[in-house]
């Protein structure tokens, strides 16, 4: 009996408490939903703006975006496209991402251009959604990052037009002429996509 008690105590003490498990160890990312970012030189940048991430530790988290002056700055029709994104917490850079095709402003709120939309996934995670660079006849990329603590994860990057944003539901389509829509939902602690291939929804994060 004494040995059984010792073994039981050892087993209990060896179990890692839930509080010690980081969120990134619990959530998985569906890599099939991530087309690689394409970024090659030469590059020369100017900073366009910096915005804070709402509801994230009293404005400690910020996102800066940069215009590639080699690629986009020469044409007034395209100099709204930014090719580099920098995430910071305070003065510390958490992550930098670049893409030659770039991203465009999400829209305008209170007469100020908005670079992204943020969505609270749960108490630990916030999703940051970017609208791909809009120009010519190409389909822009829709890119989603997830912010948690000192980590930034790329969880979605595919060609989609954003049709509408309503609360935690983003209506998207694969072609400008499409009459059928797909949907991204950010709720119940997950980011999910609903398509004709996945009519009941597929968790991507």
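List of remarks:
- Looking at region 77-132, the strands (runs of 3 or more DSSP E) lying wholly inside it that each contain 3 or more residues that are within 15 Å of residue 55 (Cα to Cα) sit at 117-120, 126-132.
- Taking region 139-186 as the range and being without any contact (Cβ under 8 Å) to a residue 24 or more places away in the chain and under 20 Å from residue 126 (Cα atoms) as the test, the residues that pass are 164, 166, 167, 169, 171, 183, 185.
- For region 125-134, the count of residues that are touching a residue at least 12 places away in the same chain (Cβ under 8 Å) and exposed (fewer than 15 other Cβ atoms within 10 Å of the Cβ) is zero.
- Filter result (surrounded by fewer than 18 Cβ atoms within 10 Å (Cβ to Cβ) and under 20 Å from residue 184 (Cβ atoms)) within region 110-124: 114, 120, 122, 124
- Reported count of residues in region 27-57, each being in a helix (DSSP H, G or I) and within 14 Å of the chain's Cα centre (by Cα), is 2.
Bear in mind these aren't lab numbers, they're just calculated from the coordinates by the rules spelled out. Only a predicted model underlies this, so the values are computations on that prediction, with no experimental measurement involved. Here Cβ is always computed from backbone atoms with ideal geometry, including for glycine, and neighbour counts include all displayed protein chains.
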